[in-house]
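Working notes, structure below.
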Amino acid sequence: MRRIAATLALIVVIALPASAAAAPLSATQILDQRAKLDGQQVALIGEAIGDVLHADEGDVWLNVLSDGTALGVYLPAEMADAVHVLGDYRHAGDIVLVTGEYRRACDQHGGDMDIHATALEVVAPGSVTERPIEFWKFGLAGFGLVLTGASVLYARYKRRVTDGA
Amino acid sequence: MWVNRTRTDIKAIGHYTGVLVAGIGLLMLLPMVVAVFLGEWAVTLDYLCGVTIAVGAGRLLMLSAPAGTRLSHSNALIVTGIAWLAASLAAAVPLALSGNYGSFLDALFDALSGLTTSGLTLVQDLDHMSLAHNMWRHLTHLIGGQGIVVAALSFAIGLRGGAVSLYQAEGRDERIMPNVMHGARFIWFVTAVWVTLGTIALSTLNIVRGMTVVRGGLHAFFATVATFDTGGFGPMSQNALYYHSPVFEFITLLLMLAGTLNFNLHADIWRGDRGELMSNIEARTLAINMGLLSLAVALGLSATKLFGSSWEVVRKGVYHIVSANSGTGHQTLYASQWATDVGGLAFAAVVLAMAFGGMASSTAGGIKALRVGVIVKGVIQKVRQSLAPPSAVIRTKYHHLTEQTLTDELVSGALLVFVLYVVTYISGGLIGAAYGYPMASALFESVSATANVGLSTGITSPMMPTGLKIVYMLQMWAGRLEFITLFAVIASAGLAFRNKKVRAL
């Protein structure tokens, strides 16, 4: 439920009309307009995923996913402290709105594409993702077990018959 | 003369295919243990299904002939050809159950891509995939990279009567050790050493950078296996770019180079004979190839003026050329950047690097440096012959493990495989173009699939046409088997079909 709410929040924020400078974009939209946006201030909205990775003294990397594309965000460590839930198998991560300079090939980071953040805001908190067991799969596993058992038993029977002969 | 398979042949083929499928099923116990350890219960059930179905189907096939049945060389070729497909079908079961694939075909695509160490993927929402499923995806690189038969031999799972034939049919005609079992174990020994070293180095890096011990260790293992086995899968959708680290790139660069080395060269280095590395035609060809193509890609990237410093150009250029040449497919660029951002020269250099490939008897794909070296030597010999007096006898020697004399048979054999690769590269490109993709991108993707690389311009995605998915699967399969084994399978199937038709008349 919370994941659906977070996704809806993301859709609403992207769809909202806003001034050109502040209009939040998804990572895919930024990637698609990379030549035009290079060196510009952008607002990226998406789910914080994976890990907060230490970069250098006082700075970290955060990867933000939206529309199926993830983009690296370089930001001060204290700014990243606002992120509490990172997306993975068990979690839908915080939805964050990152403002900063988009670099198509960042000179500071070996030509990688990134955003140097100047502000980060958590738009919607992350949540635990329920992964319920699908009981029909027990039937499939049972079928496999029967198949294995039957073939092992038949092999034994055949060997006994051959040995007997 | 075409040799028809007898009923006994077909039973033997069925039996050994069953052994390999059951072996794949048993290997699924590893991700199952990881799922239990991490408390991923829904995933545990996926692997319970995978293990039981694969072992059950394998055991059923094994009933077709008694254990220890003799396997001729030609039948072993067919088993090897079928085994990659049968193993992929089995390996796809838990992936299809993961919920990260749009269809069983997509899961099968990834299983085949993993086993052939290609690295092209149709996975969806990879960033939320469970660690146990990622473990299986990466283990397919490890199993396929070392060779399915080598994997089965190493764990001694019932290949008694067909061990030698299967080992040779898998394309390992160069014996590393006098005994095939020792050879198979040596391959695993080398792999274990590199995987351990890589995992320790990358785990340390990940943990220092803030990842938890479990996550950092698993990511390190995934990256090491995907790199040393020249596969290219990653646990995150950004692939190598996720880590934003020059140290990560440096470590994986070393692993890619180690992965593309012929296992015989690993054996020589292990025995202390480092001179072989300097004099070997394969090593020299690959070094020249990588050097020239790195220069080309650097010039190409410089021309785009996208990158601000020569350091950036070298970092991006060398990483992608080694990734392409070794057949790994790790990338620190977004797929869509290949077609628009890197420029024509760099794009062409990467396509050539993928097409040439790494060394024979390694986990790399492509035409292979040995064949390229032999063809170049053959051309030089022809030029020398044309310039020499008619009575002169021109002999060309080259060094590959031992001193060898270049023969017409060797050159024509290398040329045959070269031509087959080139025809497949172009055919796949034309099919991609027929589906409406730009020719250059379609050719890039086709070369990447056939040479088992995994770099992508973005064509390979869950949304691509089903027909193209099947074409790329066939290309990955053909490329991994270097064509002849696949042709043997097709010819045998064709003969069986023709005979059935004749009998029906």
*Got a number for residues in region B:196-247 being within 13 Å of chain A (Cβ to nearest Cβ), under 20 Å from B:Thr457 (Cα atoms) and touching a helix residue (DSSP H, G or I) at 6+ places or on another chain (Cβ under 7 Å)?*
5
*Sort through B:Ala87, B:Ala54, B:Ala35, B:Ala42 and tell me the only one that's small (Gly, Ala, Ser), closer than 21 Å to B:Met473 by Cβ and within 12 Å of another protein chain (Cβ to nearest Cβ).*
B:Ala54
*Of the numbered conditions (1) surrounded by fewer than 21 Cβ atoms within 10 Å (Cβ to Cβ); (2) touching a Gly at 6+ places or on another chain (Cβ under 7 Å), B:Gly329 satisfies every one except a single condition; which is it?*
(1)
*Being hydrophobic (A, V, I, L, M, F, W, C), within 17 Å of the chain's Cα centre (by Cα) and assigned to a helix (DSSP H, G or I), is that true of even one residue in region B:208-224?*
yes
*For B:Ala267, which of the numbered conditions (1) part of a helix (DSSP H, G or I); (2) over 16 Å from B:Val314 (Cα atoms); (3) open to solvent by 30 Å² or more (accessible area, probe 1.4 Å) fails to hold?*
(3)
*asked:* Is it the case, given these coordinates, that B:Thr407 is open to solvent by 50 Å² or more (accessible area, probe 1.4 Å), free of Cβ contacts under 8 Å to residues at least 40 places away in the same chain and polar (S, T, N, Q)?
replied: yes
*asked:* Among the listed residues B:Leu139, B:Leu48, B:Leu122, identify the single one that is under 27 Å from A:Asp51 (Cα atoms), within 14 Å of chain A (Cβ to nearest Cβ) and either crowded, with 22+ Cβ neighbours inside 10 Å or touching a Cys at 6+ places or on another chain (Cβ under 8 Å) (or both).
replied: B:Leu122
_Tell me yes or no: at least one residue of region B:347-369 is over 24 Å from the mean Cα position of the chain (by Cα), open to solvent by 10 Å² or more (accessible area, probe 1.4 Å) and at pLDDT 95 or above._
no
*Does B:Ser309 satisfy the criteria of being modelled with pLDDT of 95 or more and among the hydroxyl-bearing types (Ser, Thr, Tyr)?*
no
*Which residues, taken from region A:96-107, are away from chain B (no Cβ under 14 Å) and either closer than 30 Å to A:Val128 by Cα or in a loop (DSSP other than H, G, I, E, B) (or both)?*
A:Val96, A:Leu97, A:Val98, A:Thr99, A:Gly100
*Regarding B:Gly432, is this residue at positive phi, among the small types (Gly, Ala, Ser), out of contact with any Pro (no Cβ under 8 Å at 6 or more places or on another chain) and modelled with pLDDT of 95 or more?*
no
*Condition met for B:Phe487 (part of a helix (DSSP H, G or I), surrounded by fewer than 17 Cβ atoms within 10 Å (Cβ to Cβ) and among the aromatic types (Phe, Trp, Tyr))*: yes
_I'm told B:Phe307 meets every condition in (1) surrounded by 24 or more Cβ atoms within 10 Å (Cβ to Cβ); (2) part of a helix (DSSP H, G or I); (3) free of Cβ contacts under 8 Å to residues at least 24 places away in the same chain except one. Can you identify the failing condition by its number?_
(2)
*So how many residues does region B:465-484 have that are surrounded by 20 or more Cβ atoms within 10 Å (Cβ to Cβ) and free of Cβ contacts under 8 Å to residues at least 40 places away in the same chain?*
1
*Which number in (1) closer than 26 Å to B:Phe248 by Cα; (2) aliphatic (A, V, I, L, M); (3) open to solvent by 10 Å² or more (accessible area, probe 1.4 Å) marks the one condition that A:Leu25 misses?*
(1)
*When only residues in region B:300-315 that are touching a helix residue (DSSP H, G or I) at 6+ places or on another chain (Cβ under 6 Å) and not β-branched (Val, Ile, Thr) count, which is farthest from the other protein chains (Cβ to nearest Cβ)?*
B:Gly300
_I'd like to verify a number: residues in region A:108-165 that are at the interface with another protein chain (Cβ under 9 Å from one of its Cβ atoms) and either open to solvent by less than 40 Å² (accessible area, probe 1.4 Å) or under 30 Å from B:Gly68 (Cα atoms) (or both), how many?_
25
_Yes or no: region B:285-297 includes at least one residue that is over 17 Å from the mean Cα position of the chain (by Cα), surrounded by fewer than 23 Cβ atoms within 10 Å (Cβ to Cβ), within 13 Å of chain A (Cβ to nearest Cβ) and touching a residue at least 40 places away in the same chain (Cβ under 8 Å)._
no
*Within region A:61-70, count every residue that is within 8 Å of chain B (Cβ to nearest Cβ) and not small (Gly, Ala, Ser).*
4
*Could you tell me whether any residue of region A:30-53 is part of a strand (DSSP E or B), under 23 Å from B:Glu312 (Cβ atoms) and either within 13 Å of another protein chain (Cβ to nearest Cβ) or modelled with pLDDT under 95 (or both)?*
yes
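The values are calculated or read from the model by the stated rules, or taken from the named source; none is laboratory data. Just so it is clear, the structure is predicted and the values come from calculations on it, not from any experiment. A quick note on method: Cβ atoms are made from the backbone with ideal geometry, for glycine too, and the neighbour counts reach across all protein chains shown. Just the protein is used for accessible areas: all its heavy atoms, side chains included, with ligands, DNA and RNA removed. Shrake-Rupley method; radii C 1.70, N 1.55, O 1.52, S 1.80 Å.
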